[in-house]
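In what follows, a structure is listed as structure tokens, so that the remarks can point back to it.
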Amino acid sequence: MKKRGIGLGCSWYGTGYGNGFPDVSSAFVEIHDDGSATVLTGAVDVGQGSNSIFAQIAAEELGLESKDICVYSGDTDATPDSGTTAATRQTYNTGNAVLKAVRQAKSSLLDYAAHEFSCPTSEGIELKEGYIGVKGDPSRCMPLADMVFQARLKGERFISAESSTARSTPVDPETGQGAPYWPYAFGCQMAEVEVNTETGMVRVLKVVAVHDVGKALNPTQVEGQIAGGVTQGIGFALLEELELKEGKINNPALSSYLIPTALDVPSIEALFVEDAECTGPFGAKGLGEPAMLPTVAAIINAIDDAVGVRITSLPATPEKILQGLAEKKEG
Amino acid sequence: MIEIKLVVNDKPYTLEVEPSERLIDALRNRLGLLGTKEGCGEGECGACTVIMDGKTVNSCLVLAAQANGSVITSIEGVGNRRSPHPVQKAFVEVGAVQCGFCTPGMVLSAKNLLDKNSKPSNEEIGIAMSGNLCRCTGYDKILRAVKIAAEEGKE
Ligand code: FES
Ligand code: FES
């Protein structure tokens, strides 16, 4: 017989290295006389899209388009260290470093422009759609490229180096007090499963995943990270088991360590809550790891809802489910 | 050494290969076609997928000598930046690429499906793509991209 059930899983997750470990990212920025800018940072884009995020952050701050920003990353010869692509930290930590660096280079540009436009303060200058000018006065406005070019002829360059350190204090081992992480990511997912009571097989039919991302700087990437996380969570819940024997991995191959295929994934509905994180770049915070956390709990709870079997060790293999069903029968 | 003749991406080649050489090695090392990726090297992940005589194969499981006389399409023969294949266009549009390691194999599996079946159902798409593993995307956008490419092909 096939039985269906629904389960809920919730998570909170401290992003960054945490526990007082120095969590530092850095960036070099230059605004060029062709109206483009370069961002150099050690952050490695492994496909999650951090380079696009940094380009977007720089573009937003400079009134340019992301295609005008060249992000040069992950080269130990040339880029300043930004720590590992881990701990759900690149958008938040390196994003903050990039934003700080862009703002620094921009502030010297604004000072220069204020002087050129005979504006008493740089507060009166704005960067918009590739132009630089006095706010509210269209007659005093020129392409950003021209302003930087003129500055260059006078020996001015708009270059900056900045770093950003995440807030974190170690937890007191005696009292358990401290502020080990900042910020926290929150998520909630629901899964619907179908359990075959004869074979113990579980099919995940649907997952709805809701995550607080602060601000979705790139919604396509957010959806991609959620779907990727949910799918890893499905593998974690139902398939993936590292078998160790005397310290050796027994199943070091994709034929014996199973991960989900296209046929194992349900429809995944990704929704995000945008509750701005005031310390993050444009309100953003990380999502990488949190996306897979609630999936496991949601699936295990859904199995319980479907057949009343409580799984207490992962993965929830058909054998464990059949055993649970048999024990229930015996009462 | 064994002499083999094969056509790769519409170009004929005559190659001298080792008896134990795999097709993926011949493509990557002898022809410099580095778009074909080696993930597992044992026929499980599909990263090395190429189309051989109209069928997708794991090029890590095919001996180069077995490919004698065959017609092969690797990712380099599918499209390029200027004129991407509809599948490639759809992948880029929906954001179906994360690390990209599975992507060449995914594109070839999708292309071969659409070459044979221009109106695949969701289930047929799932089955056609299930031999290609992806650890990043959760397949969601990949399956969507194949669907979009199929719909565009219909018009
Ligand atoms: S490399 Fe050939 S299937 Fe994995
Ligand atoms: S995009 Fe990374 S494995 Fe598919």
1 or more residues charged (D, E, K, R), surrounded by 16 or more Cβ atoms within 10 Å (Cβ to Cβ) and in contact with a strand residue (DSSP E or B) (Cβ under 9 Å, 6 or more places away or on another chain): qualifying strands (runs of 3 or more DSSP E) within the stretch B:1-81: none
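Is it fair to say B:Gly79 is closer than 30 Å to B:Lys5 by Cα, away from chain A (no Cβ under 14 Å) and modelled with pLDDT under 95?
Details: closer than 30 Å to B:Lys5 by Cα: yes; away from chain A (no Cβ under 14 Å): yes; modelled with pLDDT under 95: yes.
It is true that B:Gly79 is closer than 30 Å to B:Lys5 by Cα, away from chain A (no Cβ under 14 Å) and modelled with pLDDT under 95.
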Among (1) more than 14 Å from chain B (Cβ to nearest Cβ); (2) open to solvent by 40 Å² or more (accessible area, probe 1.4 Å), the one test that A:Thr85 misses: (1)
Any hit, the stretch A:53-65, residues being in contact with a Pro (Cβ under 6 Å, 6 or more places away or on another chain) and not in a loop (DSSP other than H, G, I, E, B): yes
Within the stretch B:98-118, tally of residues that are within 13 Å of ligand 2 (Cβ to nearest atom) and without any contact (Cβ under 8 Å) to a residue 12 or more places away in the chain: 1
Condition check for A:Ala276: touching a residue at least 24 places away in the same chain (Cβ under 8 Å), part of a helix (DSSP H, G or I), over 27 Å from A:Thr197 (Cα atoms) and in the same structural domain as A:His211 (by TED's automatic domain parsing): no
Single unsatisfied condition, B:Ile148 versus (1) within 16 Å of ligand 1 (Cβ to nearest atom); (2) touching a helix residue (DSSP H, G or I) at 6+ places or on another chain (Cβ under 7 Å): (1)
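Conditions tested, residue by residue: (1) under 30 Å from A:Gly214 (Cβ atoms); (2) of a type in the set (Val, Ile, Thr); (3) modelled with pLDDT of 95 or more.
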position	(1), (2), (3)
A:Gly233	yes, no, yes
A:Val296	yes, yes, yes
A:Ile311	no, yes, yes
A:Leu314	yes, no, yes
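Any chance you could count how many residues in the stretch B:112-127 are closer than 17 Å to B:Thr73 by Cα and within 12 Å of chain A (Cβ to nearest Cβ)? Outline the logic, then answer.
The initial filter retains those residues of the stretch B:112-127 that are closer than 17 Å to B:Thr73 by Cα, namely B:112-116.
Imposing the further condition that a residue be within 12 Å of chain A (Cβ to nearest Cβ) reduces the set to B:113.
The number of residues fulfilling the criteria is 1.
Kindly evaluate B:Val87 against the criterion of being within 16 Å of ligand 2 (Cβ to nearest atom) and either in a helix (DSSP H, G or I) or farther than 30 Å from A:Ile226 by Cβ (or both). Full working, then the answer.
Numbers: within 16 Å of ligand 2 (Cβ to nearest atom): yes; either in a helix (DSSP H, G or I) or farther than 30 Å from A:Ile226 by Cβ (or both): yes.
Here the answer is yes, as B:Val87 does meet what is asked.
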The stretch A:227-264 - residue that is within 22 Å of the chain's Cα centre (by Cα) and open to solvent by 20 Å² or more (accessible area, probe 1.4 Å) and, of those, nearest to the other protein chains (Cβ to nearest Cβ): A:Gln232
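Look at the stretch B:119-146 and say how many of its residues are among the charged types (D, E, K, R) and either under 21 Å from A:Ala209 (Cα atoms) or in contact (Cβ under 8 Å) with a residue 40 or more places away in the chain (or both).
Residues of the stretch B:119-146 that are among the charged types (D, E, K, R), as a first pass: B:119, B:123-124, B:135, B:140-141, B:144.
Okay, now just the ones that are also either under 21 Å from A:Ala209 (Cα atoms) or in contact (Cβ under 8 Å) with a residue 40 or more places away in the chain (or both), so B:135, B:140-141, B:144.
Within the stretch B:119-146, residues that are among the charged types (D, E, K, R) and either under 21 Å from A:Ala209 (Cα atoms) or in contact (Cβ under 8 Å) with a residue 40 or more places away in the chain (or both) number 4.
Condition check ((1) assigned to a strand (DSSP E or B); (2) within 16 Å of ligand 1 (Cβ to nearest atom); (3) open to solvent by less than 60 Å² (accessible area, probe 1.4 Å); (4) assigned by TED's automatic domain parsing to the domain that holds B:Asp10) across all residues:
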site	(1), (2), (3), (4)
B:Phe91	no, no, yes, no
B:Phe101	no, yes, no, no
B:Pro104	no, yes, yes, no
B:Val107	no, yes, yes, no
B:Leu113	no, no, yes, no
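The values are calculated or read from the model by the stated rules, or taken from the named source; none is laboratory data. Predicted, not measured: the structure shown is a model, and the values here were computed from it. Note that we place each Cβ from the backbone using ideal geometry, even for glycine, and neighbour counts take in every protein chain shown. Heavy atoms of the whole protein, side chains included, go into the accessibility calculation; ligands, DNA and RNA do not. Shrake-Rupley method; radii C 1.70, N 1.55, O 1.52, S 1.80 Å.
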